[in-house]
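The values are calculated or read from the model by the stated rules, or taken from the named source; none is laboratory data. These numbers were taken from a predicted model, which means no experiment stands behind them. Using ideal geometry, Cβ is built from the backbone for each residue, glycine included, and neighbour counts are taken over all protein chains shown.
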Amino acid sequence: MALDGNLTTELLAQIARSPLFARADLRVAPASPGKAERLLALMGHPTATLYVNLEEAGLLCHAAFESSDAAARALVARGAHRALVTDGGRAATVATAHDVFTQTPPEVLVTRVTGAGDTFMAAHIASEAEGMAPEAALARALTAAATYVSGDNPL
């Protein structure tokens, strides 16, 4: 189930506490940095995956991060089941309590940025739904987002 930060804090907290969503595969993005802190309600949820950029990770952790790796690890330490942190054209990281994978997206000429995070998230979800391993799913999502920001259409 894909959720975004346009939902109210109260509704996100209800979802986090509800036994109906306890085993649901929740994929959550804040929709904008201004709404990032709403996702705090899902910290500690046993299956929620947070998709955030470096700025949003900083807002959630009340800290400044130099890398996606540090941010993803901090989100997991703060209670996130799994965190995917992007940082524009720099390295992105997926972290759980047991694994951390960091990869750099392909270099491309950027012609648009609006929608890059949505493209990344959709490609990552689709890759995992197809059974791809974590490293492969991250690589595919980074490639899809890079293709998108270059002005081409991701596959």
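Tally the residues that are charged (D, E, K, R) and either in a strand (DSSP E or B) or within 12 Å of residue 75 (Cα to Cα) (or both), restricting the search to the stretch 43-59.
Filtering the stretch 43-59 for residues charged (D, E, K, R) gives 55-56.
After this cut, where a residue has to be either in a strand (DSSP E or B) or within 12 Å of residue 75 (Cα to Cα) (or both) as well, the list is 56.
Residues that pass the stated criteria total 1.
Any idea how many residues of the stretch 90-127 are of a type in the set (Val, Ile, Thr) and free of Cβ contacts under 8 Å to residues at least 12 places away in the same chain? Give the steps one after another, and end with the answer.
First, pick out the residues of the stretch 90-127 that are of a type in the set (Val, Ile, Thr): 93-94, 96, 100, 102, 104, 108, 110-111, 113-114, 119, 125.
Subsequent filtering for residues that are free of Cβ contacts under 8 Å to residues at least 12 places away in the same chain retains 114.
Within the stretch 90-127, residues that are of a type in the set (Val, Ile, Thr) and free of Cβ contacts under 8 Å to residues at least 12 places away in the same chain number 1.
Could you list, ordered by first residue, the pairs with Cβ atoms under 6 Å in which the first is in the stretch 130-146 and surrounded by 18 or more Cβ atoms within 10 Å (Cβ to Cβ) and the second is of a type in the set (Val, Ile, Thr) and assigned to a helix (DSSP H, G or I), at least 6 apart or interchain?
144/119; 145/119
Would you check if residue 49 is over 26 Å from residue 129 (Cα atoms) and either of a type in the set (Val, Ile, Thr) or at pLDDT 95 or above (or both)? Full working, then the answer.
Working: over 26 Å from residue 129 (Cα atoms): no; either of a type in the set (Val, Ile, Thr) or at pLDDT 95 or above (or both): yes.
No, not satisfied.
Pairs please, first residue from the stretch 46-68 and assigned by TED's automatic domain parsing to the domain that holds residue 12, second anywhere and modelled with pLDDT under 95 and among the basic types (Lys, Arg), Cβ atoms under 7 Å, 6+ apart in sequence or on different chains.
Pairs found: 47/23.
When you scan the stretch 1-42, how many residues do you find that are outside any helix (DSSP H, G or I), free of Cβ contacts under 8 Å to residues at least 24 places away in the same chain and not hydroxyl-bearing (Ser, Thr, Tyr)?
Counting residues in the stretch 1-42 that are outside any helix (DSSP H, G or I), free of Cβ contacts under 8 Å to residues at least 24 places away in the same chain and not hydroxyl-bearing (Ser, Thr, Tyr) gives 1.
Filtering the stretch 78-120 down to residues that are hydrophobic (A, V, I, L, M, F, W, C) and assigned to a loop (DSSP other than H, G, I, E, B), which residue is surrounded by the most Cβ atoms within 10 Å (Cβ to Cβ)?
The first filter runs over the stretch 78-120 and keeps only residues hydrophobic (A, V, I, L, M, F, W, C), leaving 80, 83-85, 91-92, 94-95, 97, 100-101, 108-110, 113, 116, 120.
After this cut, where a residue has to be assigned to a loop (DSSP other than H, G, I, E, B) as well, the list is 80, 97, 108-110, 113.
Numbers: 80: 29, 97: 11, 108: 16, 109: 7, 110: 13, 113: 11.
Checking each candidate, the answer is 80.
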